[in-house]
Amino acid sequence: MRNARMAILILLFSGIVFQGCSLIKSGPPTGEASSVYMNGTLSETFNGSVFKTFDAAAAALTDFNMTVTNSHKDASGGMIDAKRPDGTVAGIALRAQGSDTTVAGIRVGAAGDEELSRAIARRIEAHIKG
């Protein structure tokens, strides 16, 4: 239940309007994080500050040959907008949940791409761990 509420907060925070109520819970890319995929957006919790997670997210997008088109960050969170070579847009919204925990909302494309969103989350985690 807590994960579902967190996912909804991320969706609202990032300005995504969603319809329907399909919720898929699944295991995280690591044993420590939590993960919820809802209506095209993956909500993932990372063990890293907003600043460390932001840098890891930007690097992960680059790993997938995406170009960052807009970004901003502060102590409370941040946003990264990117574009794939085929023009598909991607976005990551970050929100601090304590000094060393960050919740990220990851969305690829208008309808969402769960497989790619999860792959990006795994790369973010790898960059955080260094």
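Bear in mind that the values in this text are calculations on the coordinates, not laboratory data. Everything numeric in this text was worked out from a predicted model, so none of it was measured. Here Cβ is always computed from backbone atoms with ideal geometry, including for glycine, and neighbour counts include all displayed protein chains.
Quick rundown of the values:
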| read-out | value |
| --- | --- |
| Full-extension gain in nm, LYS129 to SER99, via 0.36 nm per residue minus C-alpha separation | 9.2 nm |
| D (Stokes-Einstein, µm²/s), Kirkwood Cα radius, segment 76-130, 1.002 mPa s at 20 °C | 179 µm²/s |
| For segment 30-85, convex hull of alpha carbons as volume per residue, Å³ | 98 Å³ |
| Ordering of 115-122, 70-77 by packing [mean C-beta count within 10 Å, highest first] | 115-122, 70-77 |
